[in-house]
1. Examine segment 25-44 for a residue that is of a type in the set (D, E, K, R), touching a His at 6+ places or on another chain (Cβ under 9 Å) and open to solvent by less than 80 Å² (accessible area, probe 1.4 Å), and state whether such a residue exists.
2. What number goes with the only condition from (1) within 19 Å of Leu179 (Cα to Cα); (2) open to solvent by 10 Å² or more (accessible area, probe 1.4 Å); (3) at pLDDT 95 or above that Phe114 does not pass?
3. When you look at Ala154, is it closer than 19 Å to Thr45 by Cβ, in a helix (DSSP H, G or I) and free of Cβ contacts under 8 Å to residues at least 12 places away in the same chain, yes or no?
4. Please find, within segment 75-95, the residue that is surrounded by the fewest Cβ atoms within 10 Å (Cβ to Cβ) out of those that are within 13 Å of Ala117 (Cα to Cα) and touching a residue at least 40 places away in the same chain (Cβ under 8 Å).
5. Just to be sure before I move on: is Ser142 open to solvent by less than 40 Å² (accessible area, probe 1.4 Å) and of a type in the set (S, T, N, Q) in the structure I sent?
6. What residue, among those in segment 96-107 that are among the hydrophobic types (A, V, I, L, M, F, W, C) and open to solvent by 20 Å² or more (accessible area, probe 1.4 Å), is farthest from Gly51 (Cα to Cα)?
7. In segment 10-63, what residues are of a type in the set (A, V, I, L, M, F, W, C) and touching a Lys or Arg at 6+ places or on another chain (Cβ under 7 Å)?
8. Of the conditions (1) in contact (Cβ under 8 Å) with a residue 24 or more places away in the chain; (2) open to solvent by less than 80 Å² (accessible area, probe 1.4 Å), Leu4 satisfies every one except a single condition; which number is it?
Amino acid sequence: MRRLVAACVLLAAYVALGFIVSHRPPGDVDRGEYLFAGSSIAAATIFTRAGTFPVYLALSIVTLVLGTVRRGWFGSSLVIIGALLAAWFASDRFKEIFRRVRPEHWYAFHETSFSYASGHATLSLVFYGTWAYLLWRTFPSSLWRNALLALIGAFVVAIGWSRLALGAHWPTDLLGGYLLGAAILMLSMSAIDYLLRRRLAAT
């Protein structure tokens with residue numbers, strides 16, 4: 001129940017922010033985007049590519065394979081992929097509602113979709129975040145597990161940073177993307193918990 005309430009609060013914050021930023025010129029926070037734009041283009045391109053369809057398709061196949069070969073993970077693998085698809089659909093539909101214009105300067109990956117919110121931020125938090133939660137719930141605390149979770153978190157942040165560096169989004173687009181992603185992540189975490197409890201009860 002707490003996660004459902006959290007998901008509703010996060011979604012409400014996402015929608016409220018979207019209506020605020022999409023109907024007025026960029027404010028002081030968004031003008032800070034110029035501090036990032038154009039920096040480390042090569043690295044930003046790599047991280048941005050990590051959040052594109054071909055990569056997620058390949059990782060979804062890997063997720064299904066791992067879910068098949070590791071006992072008790074198949075249901076969770078479907079949750080991860082389902083959450084990714086739900087995030088993709090929600091992100092695209094909301095962009096059509098808010099219809100925010102992207103920054104004028106681009107360095108790569110010229111896209112035709114609207115700016116709010118960042119789909120890269122949403123999808124990366126949902127996909128990698130759900131994977132991180134599954135690993136956290138499955139494996140006992142250890143140095144390698146904690147290091148892997150920290151690496152996943154840094155990777156999600158790096159994907160978001162890459163969108164600013166390439167001039168593809170405003171900072172509030174990233175914030176909105178992470179808010180939407182966090183709302184969906186709350187639900188996918190609850191689904192993972194449910195499946196793990198069922199497996200434990202069956203043993």
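The values are calculated or read from the model by the stated rules, or taken from the named source; none is laboratory data. Keep in mind that what you see is a predicted model, and the values were worked out from it rather than measured. Reconstructed Cβ throughout: ideal geometry from the backbone, glycine too, with neighbour counts over all protein chains shown. Surface areas here come from the heavy atoms of the whole protein model, side chains and all, with no ligands, DNA or RNA. Shrake-Rupley method; radii C 1.70, N 1.55, O 1.52, S 1.80 Å.
1. Yes, segment 25-44 contains a residue that is of a type in the set (D, E, K, R), touching a His at 6+ places or on another chain (Cβ under 9 Å) and open to solvent by less than 80 Å² (accessible area, probe 1.4 Å).
2. So the condition that Phe114 fails would be (3).
3. Taking the combined requirement at face value, the residue satisfies it.
4. Of everything passing the filter in segment 75-95, Ala90 is surrounded by the fewest Cβ atoms within 10 Å (Cβ to Cβ).
5. Yes; evaluated as a whole, the condition is true for this residue.
6. If we take residues in segment 96-107 being among the hydrophobic types (A, V, I, L, M, F, W, C) and open to solvent by 20 Å² or more (accessible area, probe 1.4 Å), then Ile97 is farthest from Gly51 (Cα to Cα).
7. Val21, Val55
8. Of (1) in contact (Cβ under 8 Å) with a residue 24 or more places away in the chain; (2) open to solvent by less than 80 Å² (accessible area, probe 1.4 Å), only one is false for Leu4: (2).
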